[in-house]
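The values are calculated or read from the model by the stated rules, or taken from the named source; none is laboratory data. Remember, it's a predicted structure, so these values are computed and weren't measured experimentally. Cβ sites come from the backbone with ideal geometry, for glycine too, and all protein chains shown count toward neighbours.
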Ligand SMILES: [Zn+2]
């Protein structure tokens, strides 16, 4: 069986896991449905909330992190001014003429939310990675920019001429309003359309650096949102500790063992160690410090075997 044939099963397993996880946060989904009215863009802090939500979504392990789904849905509500008048096209899953409203994603169409969340996570992460470190990642430039362009372009709207909010208001003072001139119906090409529109607007006008940073530890690539720029360098204390592995200490310990092993005579080596409490102490320290590193454990075992200590 080829890897490609295996792929649908892998996806199926992942989807089942995600659904099980999602059942645990049914209450969160209900909360979203209940608050739907107040979830669209409102007042101060919206930009910060959206960035926080985007970072949370991109960093999430979607196969176990159930809260990542309501989080993504909340971001979409934040970025959709009229959710009850906005249709999203569902072309990703091979259904070209299928449309849905955001409210359906927390209810009848939860499975679509799961599929779409997995579908876009990698591409969105690449876009953000490139925007944060464009010099370090020239290889994803085109892919990232196309993703941004295609999705940011995916808005189609029209005014409903049959609906006249002014006429239906009856008598009101023209100088004071209210000023609902028309009803606009919107179609987004995908759930990434409002997200990419937001990102595009942020970086384009005027051009500026994203508020997001990438974890400094090589190979981690997690996104983070420092409260103050320049403060946070690692996504977690764990990454910080891993990246501060004392390379110079490692080299010194290695050289120390190397020189011990170079002593040809077993007697000399034995005297060198047994006659010097500091040397024995250091040997034990090295054994503890690098107990998971074969390049050290092999050498310390060899030394102990030679001098029988
Ligand atoms: Zn990290």
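At a glance:
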quantity	calculated
Test result for residue 163, more than 16 Å from the ligand (Cβ to nearest atom), over 20 Å from the mean Cα position of the chain (by Cα) and within 26 Å of residue 76 (Cβ to Cβ)	yes
Subset of segment 199-211 (residues that are more than 13 Å from residue 132 (Cα to Cα) and in contact with a helix residue (DSSP H, G or I) (Cβ under 6 Å, 6 or more places away or on another chain))	200
Given (1) in a loop (DSSP other than H, G, I, E, B); (2) at pLDDT 85 or above; (3) more than 13 Å from the ligand (Cβ to nearest atom); (4) surrounded by fewer than 16 Cβ atoms within 10 Å (Cβ to Cβ), number of the condition residue 185 does not satisfy	(1)
Matching residues in segment 217-238 - criterion: being within 13 Å of the ligand (Cβ to nearest atom) and under 12 Å from residue 132 (Cα atoms)	221, 222, 223, 224
Single residue of segment 55-83 satisfying the filter (at pLDDT 95 or above and touching a strand residue (DSSP E or B) at 6+ places or on another chain (Cβ under 8 Å)) that is surrounded by the fewest Cβ atoms within 10 Å (Cβ to Cβ)	59
Condition broken by residue 173, with the remaining ones in (1) closer than 21 Å to residue 87 by Cα; (2) modelled with pLDDT under 95 satisfied	(1)
Qualifying residue in segment 120-140 (condition: surrounded by 15 or more Cβ atoms within 10 Å (Cβ to Cβ), part of a loop (DSSP other than H, G, I, E, B) and assigned by TED's automatic domain parsing to the domain that holds residue 30)	yes
So residue 191, is it within 16 Å of the ligand (Cβ to nearest atom), at pLDDT 90 or above and under 30 Å from residue 113 (Cα atoms)	no
Looking only at segment 239-278, and only at residues there that are within 16 Å of the ligand (Cβ to nearest atom) and surrounded by 10 or more Cβ atoms within 10 Å (Cβ to Cβ), the one that is modelled with the lowest pLDDT	244
Residues within segment 84-108 that are modelled with pLDDT of 90 or more and either buried (at least 17 other Cβ atoms within 10 Å of the Cβ) or not assigned by TED's automatic domain parsing to the domain that holds residue 147 (or both), tallied	7
